[in-house]
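Every read-out reported here was derived from the displayed coordinates using simple, explicitly stated rules and does not represent laboratory data. What you see is a predicted model; the values in this text were computed from it and never measured. Every residue, glycine among them, receives a Cβ derived from its backbone with ideal geometry; neighbour counts consider all protein chains shown.
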Ligand code: SF4
């Protein structure tokens, strides 16, 4: 074990810390984490531990979600500039105004949203449970879906529900275009295509399966196929290769989330040494956001992976 890993392990014991790593962060950070997976699954797992400290190697809204679900624990993010451009595409003020335009609508927010936006929402959802959640809502209700227009359109297509979209999007996923996906498919005609619904709708017919990252891991493991094209942030390929060492995974195109790549081992160590940067959600906002999250958790659980180190 190298020096930096030893220091991280010593500090996490001393501080009774749990380290969380999203599927999109660098592989060495995923490897050293106590839990690796999707943002909500990680926050749920951390809440179930008796840790005093959570270090979330992910973007800011993820650390907020961990703080909302574990208000008694200290939550740190190793790089405070690691934000999510999609989450920042709608502010609380914009959502308030949008709700006033559609006063009868229920508001469903993707978990990739700020705590303030969650606090103004009726339900929260993940990419893995959005369809099931919306199916469970009253059929005669209009639904405002924020912030991702692509995931919202995917839910609309799968449910046939009256969904009003906010024009947000993930800059990392929208560069996975139809042309690029068709090109990589022509180079690997024997591969199964797994795409995330944050990808542009034009790409969906080219995908064999539209799945969340957690669902991609489960699908690849259970499938008899040996070769996959992965249309999402390629950090997930590290986890896929660990789960399925005998299978081949090909990036749909070159795209990364620069914010997720800010979470390095060095910054994780620095964070543990300095107890920086704390993410705390203001109590009233946290209580309201928690209500939207709890309603979702009653519908379907999220997926994450227990690690062995
Ligand atoms: S991959 Fe997209 S949605 Fe995920 S954190 Fe990066 S910008 Fe946000």
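Specify the residue that is surrounded by the fewest Cβ atoms within 10 Å (Cβ to Cβ); the eligible residues are those in segment 63-87 that are within 16 Å of the ligand (Cβ to nearest atom) and under 19 Å from residue 295 (Cβ atoms).
Only one residue tops the list, namely 64.
With respect to the numbered conditions (1) part of a helix (DSSP H, G or I); (2) out of contact with any strand residue (DSSP E or B) (no Cβ under 8 Å at 6 or more places or on another chain), which one is the sole condition not fulfilled by residue 24?
Evaluating residue 24 over (1) part of a helix (DSSP H, G or I); (2) out of contact with any strand residue (DSSP E or B) (no Cβ under 8 Å at 6 or more places or on another chain) leaves (1) as the failure.
Which of (1) within 16 Å of the ligand (Cβ to nearest atom); (2) surrounded by fewer than 19 Cβ atoms within 10 Å (Cβ to Cβ) does residue 201 not meet, given it meets every other one?
So residue 201 meets the others, but not (1).
So residue 16 ticks every box in (1) out of contact with any strand residue (DSSP E or B) (no Cβ under 8 Å at 6 or more places or on another chain); (2) on the phi > 0 side of the Ramachandran plot but one. Which box is left unticked?
Failing condition for residue 16: (1).
Out of the residues in segment 164-183 meeting the condition of being touching a strand residue (DSSP E or B) at 6+ places or on another chain (Cβ under 7 Å) and surrounded by fewer than 20 Cβ atoms within 10 Å (Cβ to Cβ), tell me which one is farthest from residue 205 (Cα to Cα).
Residue satisfying both the conditions and the ranking: 164.
Would you say residue 202 is in contact with a helix residue (DSSP H, G or I) (Cβ under 7 Å, 6 or more places away or on another chain), more than 28 Å from residue 140 (Cα to Cα) and without any contact (Cβ under 8 Å) to a residue 60 or more places away in the chain?
Considered against the rule, which asks whether it is in contact with a helix residue (DSSP H, G or I) (Cβ under 7 Å, 6 or more places away or on another chain), more than 28 Å from residue 140 (Cα to Cα) and without any contact (Cβ under 8 Å) to a residue 60 or more places away in the chain, residue 202 comes out as yes.
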